[in-house]
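Shown next, in structure tokens, is the structure this report addresses.
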Amino acid sequence: MELEHLAFKLFIAPPPEATVAALVPVFHSWITAGSAEELLIDVADYRHVPEGPGVVLIGFRADYSLDHSGGRWGIRYYRKAPLAGGNLDRLLHAARATLNACRRLQADSRLSGGIRLDGHEFEIQVCDRLLAPNTASAQQEFTAELAPFLERFLRGGPYRLTYDNDPRSLLATRVTSEYIFELDHSLS
Amino acid sequence: MKVSNPAWKDRLSERLPENLAREVDIFEAEIGLRKQGKLDEKLFAETRLRRGVYGQRYDNGQRSDGRVLRRLPYPEHPSKGPNTLWDAPGMQRIKVPGGGLSAAQLETIAELAEEYSDGIAHITTRQDFQLHYVHIENTPSVMRRLAAVGITTREACGNAVRNVTACPYAGVCPDEAFDVSPYATRLAWHLMGHPDCQDFGRKFKPAFSGCGNHACGLAKIHDLGLVAVTREENGVLQRGFQMYVGGGLGPVPYQAQLFSDFIPVAELLPMAQAIGRVYARLGEKKNRNRARLKFLLHDLGLEKFRDLVFAERQRLEPDPRWTDYLAAAEQNQEAALRPAGELSPSGSEKFERWLRANTRAQKQPGYAAVTIKLPLGDITARQLRQLADMVRRYTCETVRTTVEQNFVIRWVSRGDLPALYAELEAAHLAEPGAGGIADIVSCPGTDTCKLGISSSRGLAAELRRQFAQGALDDLDEATRKLRIKISGCFNSCGQHHIADLGFYGVSRKAAGQAAPHFQVVLGGEWEDNAGAYGLPIAAVPAKHIPEVVRRLTRRFQADRQPGQSFRGFVQSLGRSELKALLEDLTRVPAGDASFLSDWGDPRVYSLEDMGVGECAGEVISPVEFDLAAAERQVFEAQLALERQQPQAAGQMAYRAMLQGAKGLVKLNHNPGDDPARIVAEFRAQYFDTRLFFDPFVGGQFAQYLFAAHASPDRAHDAASAGTLIREAQLFIDACHGCYNRLSAEPVEA
Ligand code: SF4
């Protein structure tokens, strides 16, 4: 299974409305600063859509968002362009990018401390139904592919994977762990 | 861009209709050729547009951060059209004839939104879908996956026959003459790629309506408007259409003219072909701004146009497809999944409120059509799947998109309404107030459209937010039924001309800086198939528009006569009074920097994202006085027209244009008051040099001045004076735009 076009979402506590609104200028400033790893292009504001993509920073190779899909808030990184390397490299890349974004948002005073990491849960999606359909066998394969990554990310701690079994959905799993991962996770 | 792109072709090879598969293969080959530089960029641009692959804001590789225009460092590739970078994300438009969709089609659009876009599918004012931020190299996969469920993107954009729209209640509406759905569907597929419709200078939009008096089909704002009628011949009831031609919104709206009061259904397709042939042969090709059918009709006159079309009709070789569907069309009747039912009182005020506004009794007893009101026409992939489940559970998959950017589920047993409501509510799709003041229609505007001047979606979102926080609480039922429609610029994609309260984006200077504004257009008519257009009142800073809405709605509520429509109210109040009501709101408050940013966009406002800015050196402020004077003269012309003085009104509109032109010429030197000299110098300095050219409509608005100047003393009736006033307003808006561009910063190196 090729794990391309990954989305990584770190769940956060529901942010105050003011934080979500303040994110719009923050993301605009990221484009201006041009300091993120990817070429950033635009901000799409979907605050009017209930349980939607929230506020999305559109990039050329990847998007970042304060996402509210499925009714859970989280910082989401979605890698659109292919990545070199194997599946572990791609997972590490997505996780690092998400952690970096999260760190940057938490440090931004304009968001008034409104981004608070859950620390126990996150979600990994494969946004390509041809590479990774949401079938029982693909879920099994995905579980196996994730193991080495989760071993590193959760420092060997136990975890539980939960799948949504609607075959129409993207292949995605919610990872729950006792271990509290930190934003300064080195992923080494 | 997607790793899976090459594999979709094989995966779907068995499921694609041959013609659609071929179409996508050709387009994919053209992508390859263009990447190798073997296909001309203009040719490629038109070919991709004809597949619905559209440009999007910032795709010229530049983006203003509010201070300077910066380059977006995309990888180097051939362009995908003039000023359009290969790797810049674009928009994919998806054609949905008559708005009709199956559950599987909803699910496919959901998949595409998740995998290739940003998770949102957007419904347009012409019943299409749009996906944004799509990479061009993913579009063949998008098209194949759509084709596998019977959807095409062919001719969704470009100089072609666009989506055929139809009343979403066709077949279930108690007032219709007959169900127009099968005729709309057939027309759509018949004209798609038809040789008679391949050589147009611009787009061509058809629309069907089941009756003449309601709004649903909006026949009169279309190039080809078809209103169902019947008549008796030899004791047999015949189906046919009132055929309207040459309507269109755009900067200057034109009402369609009645071409025939009865075209039998058997003549629908050949007559449409004949119109296509005349339009292809005689329509303007070089000047895009005069290339719509409405201009050809204007130039030829209805009688001449009609003669040409009938002559062309005689020349057509008979085609069995013209009639082979008619027997089935007569019998066409969607089925219900569930038995008809009745509703018992629920005791829930919330449910009753939704029931009143969002459901409509069908002509078939015991069934209802249910409207799903979408915020700004947006729906998530997950919601699309939930909707697919619902339309399977309660109906035979009878769901349509609407021109108000909503969905209508038809054939819901009234007995199922509480259960359906509960499911819609769980999916966040049960917002009440469909078709009312909070069901705001908006084009994409500056969010994604390259032509956007102001943020129509930002304004719509802000109005929705204020309404949700209680801004509507003191309004009565009639006031809550008013309609708000917003366009990001004069091109009218948000259909502001036919709203009670319409707004379109314009820019104005405030204390030397550009500020986002909206032109307020009041009293358009939605009913009667969009029977009348609204009146422009004043340009107001974007940040004052919520207050404009508040004042107008309160005034309507307090002062209208019993039963009076908003249009009637606007007419009885008169422009002077309306302008006076809004006068203080037309100014940007001194020192308030928030007015220099648009709704939902924190950047300092600028027009530079529309195109490359130019530095014209020193900006001389007196031009603003001239432009203000020109605006005043347009207003006076409107008053003269109201006083039934069309001759004076027309001449004032012409003088207003001269004043605006003079203002710009004075940036260099004062040309005096001689009209010939003003026009000559304006032409030499701004038109011939293209400085006046809007990055996207070119010199169209200057032509209004030149045409008026060519016959300054011509006789005016109310219609021609009204047109000239609208043209004058657009010309002056363009003068403001030109002035703003000239005083913009240069591109940062
Ligand atoms: S009205 Fe203007 S801004 Fe809105 S979609 Fe049309 S062209 Fe773009």
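The values are calculated or read from the model by the stated rules, or taken from the named source; none is laboratory data. Keep in mind that what you see is a predicted model, and the values were worked out from it rather than measured. All Cβ positions, glycine included, derive from the backbone under ideal geometry; neighbour counts span all protein chains shown. Remember, those area values only see protein heavy atoms, side chains included, never the ligands or the DNA or RNA. Shrake-Rupley method; radii C 1.70, N 1.55, O 1.52, S 1.80 Å.
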B:SER117 small (Gly, Ala, Ser) and surrounded by 24 or more Cβ atoms within 10 Å (Cβ to Cβ): yes
Some residue of region B:120-134 being in contact with a Ser or Thr (Cβ under 6 Å, 6 or more places away or on another chain), away from chain A (no Cβ under 13 Å) and assigned to a helix (DSSP H, G or I): no
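Go through region B:306-324 and count every residue that is open to solvent by 60 Å² or more (accessible area, probe 1.4 Å) and assigned to a helix (DSSP H, G or I).
6
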Meets criteria (aliphatic (A, V, I, L, M) and farther than 20 Å from B:ARG741 by Cβ) for B:LEU69: no
Considering residues of region B:325-338 that are under 19 Å from B:VAL408 (Cα atoms) and modelled with pLDDT of 95 or more only, the residue surrounded by the most Cβ atoms within 10 Å (Cβ to Cβ): B:ALA336
Long-range neighbours under 8 Å by Cβ, at least six apart or interchain, first residue farther than 17 Å from A:ARG168 by Cα within region A:119-148, second part of a helix (DSSP H, G or I) and small (Gly, Ala, Ser): none
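So, in region B:35-75, of the ones that are part of a strand (DSSP E or B) and within 14 Å of chain A (Cβ to nearest Cβ), which residue ends up surrounded by the most Cβ atoms within 10 Å (Cβ to Cβ)? Steps first, answer last, please.
Quick first cut of region B:35-75, residues part of a strand (DSSP E or B) only: B:53-54, B:62-64, B:69-71.
Next, from what is left, pick out any that are within 14 Å of chain A (Cβ to nearest Cβ): B:62-64, B:69-71.
Working: B:GLN62: 19, B:ARG63: 20, B:SER64: 23, B:LEU69: 19, B:ARG70: 17, B:ARG71: 12.
Taking the candidates together, the pick is B:SER64.
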Residue match in region B:472-483 (condition: within 13 Å of the ligand (Cβ to nearest atom) and touching a helix residue (DSSP H, G or I) at 6+ places or on another chain (Cβ under 6 Å)): no
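Of the residues in region B:421-438, how many are open to solvent by less than 30 Å² (accessible area, probe 1.4 Å) and either within 16 Å of the ligand (Cβ to nearest atom) or within 21 Å of B:GLY470 (Cα to Cα) (or both)?
Let us first name the residues in region B:421-438 that are open to solvent by less than 30 Å² (accessible area, probe 1.4 Å), namely B:421, B:424, B:427, B:429-430, B:433-438.
Subset that is either within 16 Å of the ligand (Cβ to nearest atom) or within 21 Å of B:GLY470 (Cα to Cα) (or both): B:429-430, B:433-438.
Residues flagged as open to solvent by less than 30 Å² (accessible area, probe 1.4 Å) and either within 16 Å of the ligand (Cβ to nearest atom) or within 21 Å of B:GLY470 (Cα to Cα) (or both) within region B:421-438 amount to 8.
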B:VAL229 vs. criteria closer than 15 Å to B:PHE295 by Cβ and in contact with an Asp or Glu (Cβ under 8 Å, 6 or more places away or on another chain): no
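Residues checked against (1) within 14 Å of chain A (Cβ to nearest Cβ); (2) within 16 Å of the ligand (Cβ to nearest atom); (3) at pLDDT below 95; (4) in contact with a Lys or Arg (Cβ under 6 Å, 6 or more places away or on another chain):
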{"residue": "B:GLY505", "(1), (2), (3), (4)": "no, yes, no, no"}
{"residue": "B:ARG508", "(1), (2), (3), (4)": "no, no, yes, no"}
{"residue": "B:GLU525", "(1), (2), (3), (4)": "no, no, yes, yes"}
{"residue": "B:LEU535", "(1), (2), (3), (4)": "no, no, yes, no"}
{"residue": "B:VAL548", "(1), (2), (3), (4)": "no, no, no, no"}
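Can we say B:ARG464 is over 16 Å from the mean Cα position of the chain (by Cα) and either away from the ligand (no atom under 15 Å from the Cβ) or closer than 22 Å to B:GLN557 by Cα (or both)?
Details: over 16 Å from the mean Cα position of the chain (by Cα): yes; either away from the ligand (no atom under 15 Å from the Cβ) or closer than 22 Å to B:GLN557 by Cα (or both): yes.
Yes; evaluated as a whole, the condition is true for this residue.
Would you point out the residue of region A:49-100, among those that are hydroxyl-bearing (Ser, Thr, Tyr) and part of a helix (DSSP H, G or I), that is surrounded by the most Cβ atoms within 10 Å (Cβ to Cβ)?
Let us first name the residues in region A:49-100 that are hydroxyl-bearing (Ser, Thr, Tyr), namely A:64-65, A:69, A:77-78, A:98.
Now narrow it down to the ones that are part of a helix (DSSP H, G or I): A:69, A:98.
Details: A:SER69: 23, A:THR98: 25.
Ranking the qualifying residues of region A:49-100, first place goes to A:THR98.
Take region A:104-146 and flag every residue that is open to solvent by less than 20 Å² (accessible area, probe 1.4 Å) and either among the aromatic types (Phe, Trp, Tyr) or outside any loop (DSSP other than H, G, I, E, B) (or both).
A:LEU105, A:LEU111, A:GLY119, A:PHE122, A:ILE124, A:VAL126, A:ALA138, A:PHE142, A:LEU146
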Residue satisfying all of: in region B:439-454; more than 6 Å from the ligand (Cβ to nearest atom) and open to solvent by 30 Å² or more (accessible area, probe 1.4 Å); modelled with the lowest pLDDT among these: B:LYS450
Which numbered condition B:VAL403 fails, given (1) more than 14 Å from chain A (Cβ to nearest Cβ); (2) in a loop (DSSP other than H, G, I, E, B); (3) more than 16 Å from the ligand (Cβ to nearest atom): (3)
